[in-house]
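Engineer: I have a structure here, written as C-alpha cells, and I will follow up with some questions on it.
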Amino acid sequence: MNNARGAPVALLGGTFDPVHYGHLRPAIELLEALNLSEIRLVPGHVPPHRPQPRLGARARADLLDTAVAGIPGLVVDRCELDRPGPSYTVDTLHHLRRALGDRRPLCFMMGQDAFRGLMRWHEWRRLASLAHLVVVTRGGDTAAVAPALDEWMRPRRVVDPAALRVAPSGYVLFHAVSRLEISATAIRRCLALGHSAQGLMPDAVWHELALSGCYGYPQVSRAITPG
Ligand code: ATP
C-alpha cells in the first residue's frame with residue numbers, strides 16, 4: 001500500500017569545507033534522476049566522524065548560500081548549526097521528519113564509503129526508520145560491504161528510484177553519479193600552498209573565499225582583485 005504523500009525531500013550532509021563542484025554537480029544529477037522536490041544541503045557543525053573543519057560552520061554555510069543561489073531545488077539548511085555537541089545524523093533526520101510530517105518521503109544521501117561504515121554511526125538502525133538511504137556511488141566504487149550490513153540491507157534494497165515515492169522511509173537505493181575528481185581536502189591543500197582553486201567551485205564562491213582570505217589564500221604578495 002502506498003502510504004506516502006508528496007515528492008521526496010533529500011538531505012545531503014557534509015562539511016563543505018569549502019563547497020565545490022563535486023558537491024553541486026552530483027546533487028543536481030540526483031535531483032533530476034530521483035525526481036526529488038529539493039535537496040537540503042546541511043553543513044555539519046561538529047562532525048562526529050572526522051577531524052574538525054578548517055572554517056567555522058557559519059562561514060561554510062554562507063559560502064554554500066552563494067553556491068546554490070540560482071540553482072533551483074538546492075537549499076541550504078542550517079539546522080545543525082544551532083545544536084550544541086556532535087551533529088548526529090539521526091537527530092537531524094528526526095528534526096526534518098518532524099517538520100515534514102510522517103508521510104512525506106525523505107531521503108538521506110550518503111557516499112559509498114560512508115555507507116560501508118554505517119554500523120559505527122550513532123543509532124544507525126533508526127536512520128532507515130526515518131528516511132530512505134540513497135547510497136551515492138561514483139564510477140569504479142565497487143568494494144563490498146561487511147556481511148552483517150549486507151544482511152541488514154538486502155530486504156530493504158530497491159533498484160527503481162520510483163520506490164522512493166511509495167513509502168516515506170525504509171528503502172536503500174544505490175545510485176551512480178558522475179565522478180568529479182575534486183575534494184575539499186585537495187582545495188585546502190592547494191590554497192595553503194598559495195595556489196588558486198578557481199574553476200573548482202562557482203566563481204561567486206571563489207571570489208568570496210579569496211576576498212575574505214578565510215583559507216589563508218591569497219598570501220599577501222598574490223592578493224587578487226575580482227571582476
Ligand atoms: P573533504 O575532502 O574535506 O573530506 P569532501 O570534498 O569529500 O571533503 P564533504 O563535505 O565531506 O566533501 O562531502 C559532502 C558530501 O559530498 C559527501 O556525501 C561526499 O561523499 C560528497 N562528495 C564530496 N566530493 C564529491 C565528489 N567529487 N563527487 C561526488 N560526491 C562528492
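Bear in mind these aren't lab numbers, they're just calculated from the coordinates by the rules spelled out. In this text, all values refer to a predicted model and were calculated from it rather than measured experimentally. Glycine gets a Cβ as well: all are built from the backbone with ideal geometry, and neighbour counts include every protein chain shown.
Engineer: Among Arg179, Arg97, Arg154, which one shows the biggest mean-square fluctuation in a GNM of the chain, springs joining Cα atoms closer than 10 Å?
Structural biologist: Arg154
Engineer: What ³J(HN,Hα) values, in whole Hz, does the Karplus curve 6.51 cos²θ - 1.76 cosθ + 1.60 give for segment 11-18 when θ = phi - 60°, with x put for Gly and Pro?
Structural biologist: 10, 10, x, x, 8, 6, 10, x
Engineer: Around Cys107, which amide H atoms from residues at least 5 apart in sequence, or from another chain, sit under 5 Å from its own amide H, with H modelled in the peptide plane?
Structural biologist: Val9, Ala10, Leu11, His132
Engineer: How large is the charge dipole for the chain, taken about the Cα centre, if only the Cβ atoms of Lys, Arg (+1) and Asp, Glu (-1) carry charge, to the nearest 20 debye?
Structural biologist: My answer is approximately 440 debye.
Engineer: Still on this structure: Calculated from DSSP H runs of 4 or more alone, at -39500 (n - 2.57) each and per residue, what is the 222 nm mean residue ellipticity of the chain, nearest 500?
Structural biologist: Helix contribution divided over all residues of the chain: -9500 deg cm²/dmol.
Engineer: Sticking with this one: Using the charge dipole of the chain (Lys, Arg: +1 at Cβ; Asp, Glu: -1 at Cβ; taken about the Cα centre), state which of Val19, Ile182, Gln52 has its Cα farthest towards the positive end.
Structural biologist: Among Val19, Ile182, Gln52, the one farthest towards the positive end of the dipole of the chain is Gln52.
Engineer: Turning to a different aspect of this structure: Placing +1 on the Cβ of each Lys and Arg and -1 on the Cβ of each Asp and Glu in the chain, which of Met201, Val9, Pro86 has its Cα farthest towards the positive end of the resulting dipole?
Structural biologist: My answer, from the dipole projection, is Pro86.
Engineer: GNM, the chain, Cα, under 10 Å: largest mean-square fluctuation among Pro51, Pro26, Pro72?
Structural biologist: Pro51
Engineer: Can you put Thr66, Thr185, Thr92 in order, fewest other beta carbons within 10 Å first?
Structural biologist: Thr185, Thr66, Thr92
Engineer: Can you run phi through the Karplus equation (6.51, -1.76, 1.60; θ = phi - 60°) for segment 56-61 and list ³J(HN,Hα) in whole Hz, with x for Gly and Pro?
Structural biologist: 3J(HN,Hα) across segment 56-61, in whole Hz: x, 4, 5, 5, 5, 5.
Engineer: Let me ask something else about it. Over segment 9-176, what relative contact order in percent results from Cα pairs under 8 Å that are six or more residues apart?
Structural biologist: 22
Engineer: Evaluate the charge dipole of segment 11-71 about its Cα centre and quote only its size in Debye, nearest 20, assuming +1 on the Cβ of each Lys and Arg and -1 on the Cβ of each Asp and Glu.
Structural biologist: That gives segment 11-71 a dipole magnitude of about 280 debye.
Engineer: Now for a separate question. Can you work out D for the chain in µm² s⁻¹ from Stokes-Einstein, where Rh is the Kirkwood radius over C-alpha pairs, the temperature is 25 °C and the viscosity is 0.890 mPa s? Display every interim value, and only then the final one.
Structural biologist: Values: Rh = 18.4 Å.
D = 133 µm²/s.
Engineer: While we're on this one: Going by how many other Cβ atoms sit within 10 Å of their own, how do Tyr21, Tyr88 line up, fewest first?
Structural biologist: Values: Tyr21 16, Tyr88 20.
Fewest to most other Cβ atoms nearby, the residues stand as Tyr21, Tyr88.
Engineer: How would you rank Ile28, Ile187, going from fewest to most other Cβ atoms within 10 Å of each one's own Cβ?
Structural biologist: The fewest-first ordering by Cβ neighbours comes to Ile28, Ile187.
Engineer: About the Cα centre of segment 80-199, what is the dipole size in debye to 20, counting +1 per Lys and Arg Cβ and -1 per Asp and Glu Cβ, all else neutral? List each step's numbers first, then the result.
Structural biologist: On the way: 17 positive and 11 negative charges, 34 e Å.
Around 160 debye, computed over segment 80-199.
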